[in-house]
Structure formats: C-alpha cells, structure tokens
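In what follows, a structure is listed as structure tokens, so that the remarks can point back to it.
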Amino acid sequence: MRDTITDANFPKTADGRVYHLGIKYGEVANRIVTVGSISRAQDIAKHFDSSPKPFSLHSERGFLTITGRYQGVPVSIVCIGMGGPNVDFFIREVRECVRGDLLIIRLGSCGCLTDLPVGSLILPKASVAVTRNLDFDFANGDHWRTPYRLSKPISADLELLMALQGALESARPVAASNPIVTNAVNASTDSFYSSQGRQTSFQDYNSGLIDHLKEIIPDITSLEMETYWIFHLAASWRGLSRPSPPLDPPLATGPVLPSHSPPHSQGVDLSNDMHKSAPEKDDVHRPLIKAAAVQMVFASRHSQDFITPQQVSELEAWSGGAVLEALRVMNVPHNRLHPNEGSVWDLKGVPLKAAL
C-alpha cells in the first residue's frame, strides 16, 4: 500500500480511489463488461473507438479496468479474477464511483451439466449459489448436517438478457453452429473443486452432489463461480435513501444450527419476482443495477470434453463483440448516466476529426 487511506469503513485514498480496484469517480462507465481473464479483457478492448484513447488501470490488488467508447457509447471492461469475494469488491467499489444506473454483463467460462457440446453459449435466466457448509465435519463425517448448501435462485435482468441474445445471434459467424441456450439455470459455487463435485485427495463428501443438483433444480445447466453473486448484489441494491437496518435479533453468542433452503424434498421456485421486495414510492428515482451473463462452455461434465485453444479464440472473438453491442443498444435515460465532463471518456478537447 503506497497511499494514505482516509476511511476505515469504506477505504479510499485522499484523491478518492477505492481500495481494491484503484479507480475513482469518472474512470468507470455505466455500462460494464466483467471478465476473469486479463487477456480476454484486453481483446475485448480492441473493439473500442480510438478516440478518446482508452483508459487502463491495473490495481495493486490485481484488478484491471479499461474504459473507453464503443461506437460512441462509454463502456468499461473490468477484469476481476475469480469467485464471489472478488465480485463483491467489484460491484460495491464500482457502485461508489459511478453516478446513475449500472448495466453489467459477465462474460466468462463455465462447466456444463447437460449434453451441450463445448463451445456452446449459455445465457442463464437465473442462478443459484452452492456453498460448502463450514459447520459440517468434513474430517469425520456428520449425520446431522448436509455438506453443501443451496440458495434460492435469483433472476437475470430480462431486458438485458434479451439484448444479449439478440446481439449474439446477429454477430454469429457464418460457419458457427454453436448452440445459444437461454432456458438455463446456472449454479455459482464457492470452490472450483468441492462445491462443483470434483474428486480430489480431499474428503469432500461430494460424489453425489451433481446428481443431487440436477434432481432438485429445474433446467440447471452450468457451473461457475461468479454469476450468482452478480445477480444477488444487483437484486439487493436499493439505493442510498434507506440506511442499512440494525441487526434484529442481535448476533447470536453461541452455535447456531444452519437452516437449509430449499428443502431437499422440494424443487426450486423460479418465479420471475422471486427476488423482489415491495417497492417504495421513491424506488423509481433510484439508480438501478441490471445484470446478465453469457457463459462459454469450456468443460463438459457430461462427456468430460474440454475446449481447445482454437475454439476459445473463436468463441471469445464472437461473444466479446456481441457483449459490447448488447450494452450499446440498451437505452439508459440521460439523467441516469454518469456525467461526461471530467471523465476519462469525455470528448471535450478531442479534435473533431479524431472523435468522428
């Protein structure tokens, strides 16, 4: 750490840079592509307009932010690495740096639980979280607890999902026959290994996990590690006019037996409004966070096939441009956009010929 931090609650430097992403106000746009791979972020950024010159910041914590214009529309690409904690850093810190709405599309890889071939594109309509139960006794076994927990599903933003599907279909290469699947549910896990049912030298009690998920979650198709956390934070955001409520009841001082949701004997409710609370009358004026995802099938858990480097290159070229196009066509009212003035995408001072 090289800079003085001014606030332990939400750490920022004296010039307003957030602690992990290293960005500040005016360096991230309302429309965002998030990826896990630095090379993928850099390849997508090749689609940006040449003027103004794209802004790039690689933070000390390993996050990469690239902001520019795509066909005149400000867009940011944020590389966050892997996993739910990095999603939390990303969305919370970006939210503090951007005025107005946020439109976020995750472009990443996934494993597939059905017979779809590697190279398929999955646009999940919803996502659930599968997490390791830390109260389970993995060393000795446990007859009283289940080793893994399953959340309720959270839906993608339908408008953004439809824009993404349309952009992918329009950009489909002539020779490409890759399926694009939308009637799918994703599961995001807290481990690439245990919570995804992979067998290692650890005793993870997960040999039947995949079959169990397929049995109780209708339309489950993909496994990865980020989408649920993006959907969850987008659905949880309600603006700043309502303070966080106090804990009620207070935190327990002794052991608490975990509850399990949903019960194993029941299916999973995928109703469209599953994550929405009753709106307050001023909700319409609050900034929104809309989220969707496109997942490239790299690994088939059905056939054990794994994608080739050539397939990855072709798939990223297709989907990377389509994600930018989906964000471009999404309408965001002017009063819900971050101001151009003083931003890294501001065209003020750029020669007219260069801006055209």
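The values are calculated or read from the model by the stated rules, or taken from the named source; none is laboratory data. Note that this is a predicted model, so its numbers are computed, not measured. A quick note on method: Cβ atoms are made from the backbone with ideal geometry, for glycine too, and the neighbour counts reach across all protein chains shown.
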Next on the checklist: Checking Leu164 against (1) touching a strand residue (DSSP E or B) at 6+ places or on another chain (Cβ under 7 Å); (2) hydrophobic (A, V, I, L, M, F, W, C); (3) farther than 18 Å from Val35 by Cα: exactly one of these is not met. Which one?
Outcome noted: (3)
Item to check | Residues of the range 159-176 classified as out of contact with any helix residue (DSSP H, G or I) (no Cβ under 8 Å at 6 or more places or on another chain), closer than 17 Å to Glu314 by Cβ and in a helix (DSSP H, G or I), total | outcome: 1
Next on the checklist: Return the pair list, or none, for Cβ contacts closer than 6 Å from residues in the range 107-127 that are among the hydroxyl-bearing types (Ser, Thr, Tyr) to residues that are outside any strand (DSSP E or B) and buried (at least 24 other Cβ atoms within 10 Å of the Cβ), at least 6 apart or on different chains.
Outcome noted: Ser127/Thr227; Ser127/Tyr228; Ser127/Phe231
Item to check | Candidate set: the range 78-124, residues that are part of a loop (DSSP other than H, G, I, E, B) and within 13 Å of the chain's Cα centre (by Cα); chosen: the one surrounded by the most Cβ atoms within 10 Å (Cβ to Cβ) | outcome: Pro124
Checklist entry - What pairs can you find where one residue is in the range 83-99 and hydrophobic (A, V, I, L, M, F, W, C), the other is part of a helix (DSSP H, G or I) and buried (at least 20 other Cβ atoms within 10 Å of the Cβ), and their Cβ atoms are less than 6 Å apart, with a gap of 6+ or different chains? => result Val87/Trp229; Val87/Ile230; Ile91/Leu233
Item to check | Looking only at the range 287-329, and only at residues there that are surrounded by fewer than 22 Cβ atoms within 10 Å (Cβ to Cβ) and in contact with a Ser or Thr (Cβ under 7 Å, 6 or more places away or on another chain), the one that is modelled with the lowest pLDDT | outcome: His302
Item to check | Pair list, Cβ under 6 Å, 6 or more apart: the range 142-169 residue at pLDDT 95 or above and surrounded by 21 or more Cβ atoms within 10 Å (Cβ to Cβ), other residue acidic (Asp, Glu) and outside any loop (DSSP other than H, G, I, E, B) | outcome: Ala167/Glu325
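Residue by residue, here is whether (1) free of Cβ contacts under 8 Å to residues at least 12 places away in the same chain; (2) buried (at least 17 other Cβ atoms within 10 Å of the Cβ); (3) closer than 30 Å to Glu314 by Cα holds:
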residue	(1), (2), (3)
Thr4	yes, no, no
Phe10	no, no, no
Gly22	no, yes, no
Gly26	no, yes, no
Thr34	no, yes, yes
Ser37	no, yes, yes
Asp49	no, yes, yes
Pro52	no, yes, yes
Checklist outcome for this item: In the range 52-66, residues that are assigned to a loop (DSSP other than H, G, I, E, B) and at negative phi total 7
Next on the checklist: Considering only residues that are within 12 Å of Cys97 (Cβ to Cβ) and outside any loop (DSSP other than H, G, I, E, B), which ones fall in the range 1-51?
Outcome noted: Lys12, Val18, Ile32
Next on the checklist: Taking the conditions exactly as written (more than 20 Å from the chain's Cα centre (by Cα), among the charged types (D, E, K, R), in a helix (DSSP H, G or I) and within 24 Å of Gln304 (Cβ to Cβ)), does Asp204 satisfy them or not?
Outcome noted: no
